[in-house]
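Visitor: I have a structure I would like to understand better, so I am pasting it below and will then ask my questions one at a time.
The values are calculated or read from the model by the stated rules, or taken from the named source; none is laboratory data. Nothing here was measured: the structure is a model prediction, and the numbers come from that model. Backbone-built Cβ (ideal geometry, glycine too); neighbour counts: all protein chains shown.
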Amino acid sequence: MNAADVMTRDPLSVAPETALVEAALLMLQHRISGLPVTDAKGAVVGVLTEGDLLRRAETGTERHRTGLLAFLMGPGRWPANTSMPMPARSAK
């Protein structure tokens with residue numbers, strides 16, 4: 001089975017300047033979880049999903065990295081806005 005076998009042939013889309021409220025209402029009205037974002041020529045320039053709307057720094061709902069991922073990335077990359085303490089690194 002390929003993506004073409006299950007994809008939506010004529011999906012709804014939004015422009016980059018579409019208000020997030022309008023995009024969210026479209027998703028709710030059509031019971032979909034994402035929208036392609038297209039430019040004036042119809043080329044896809046991105047995808048807007050429910051997750052993008054739910055995880056916003058402005059509302060304090062941004063995604064937090066797991067402790068393991070942050071540990072593996074190193075202390076210089078630990079997000080300042082995380083609610084988890086930075087894991088201690090063991091001395092070698």
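Each row is one residue, and each column tells you yes or no for (1) at pLDDT below 75; (2) hydrophobic (A, V, I, L, M, F, W, C).
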residue: VAL6; (1), (2): no, yes
residue: ALA23; (1), (2): no, yes
residue: GLY34; (1), (2): no, no
residue: ASP39; (1), (2): no, no
residue: SER90; (1), (2): yes, no
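Visitor: Could you please give the count of residues in segment 1-32 that are polar (S, T, N, Q) and either surrounded by 10 or more Cβ atoms within 10 Å (Cβ to Cβ) or touching a Leu at 6+ places or on another chain (Cβ under 7 Å) (or both)? Quick ask: steps written out before the conclusion?
Guide: Start the filter on segment 1-32 by keeping residues that are polar (S, T, N, Q), which leaves 2, 8, 13, 18, 29.
Okay, now just the ones that are also either surrounded by 10 or more Cβ atoms within 10 Å (Cβ to Cβ) or touching a Leu at 6+ places or on another chain (Cβ under 7 Å) (or both), so 13, 18.
So the count comes out to 2.
Visitor: Same structure, new question: When the residues of segment 36-53 are filtered to those that are of a type outside the set (A, V, I, L, M) and more than 16 Å from the chain's Cα centre (by Cα), which remaining residue is farthest from LEU20 (Cα to Cα)?
Guide: Taking segment 36-53 and keeping what is of a type outside the set (A, V, I, L, M), we get 36, 38-39, 41-42, 46, 49-52.
Add one more test, that the residue is more than 16 Å from the chain's Cα centre (by Cα), and what stays is 38-39, 41-42.
Numbers: THR38: 14, ASP39: 16, LYS41: 21, GLY42: 19 Å.
Out of the qualifying residues, it is LYS41.
Visitor: Same structure again: Would you say LEU68 is in a helix (DSSP H, G or I), of a type outside the set (D, E, K, R), exposed (fewer than 11 other Cβ atoms within 10 Å of the Cβ) and at pLDDT 90 or above?
Guide: Numbers: in a helix (DSSP H, G or I): yes; of a type outside the set (D, E, K, R): yes; exposed (fewer than 11 other Cβ atoms within 10 Å of the Cβ): yes; at pLDDT 90 or above: no.
The answer is no for LEU68.
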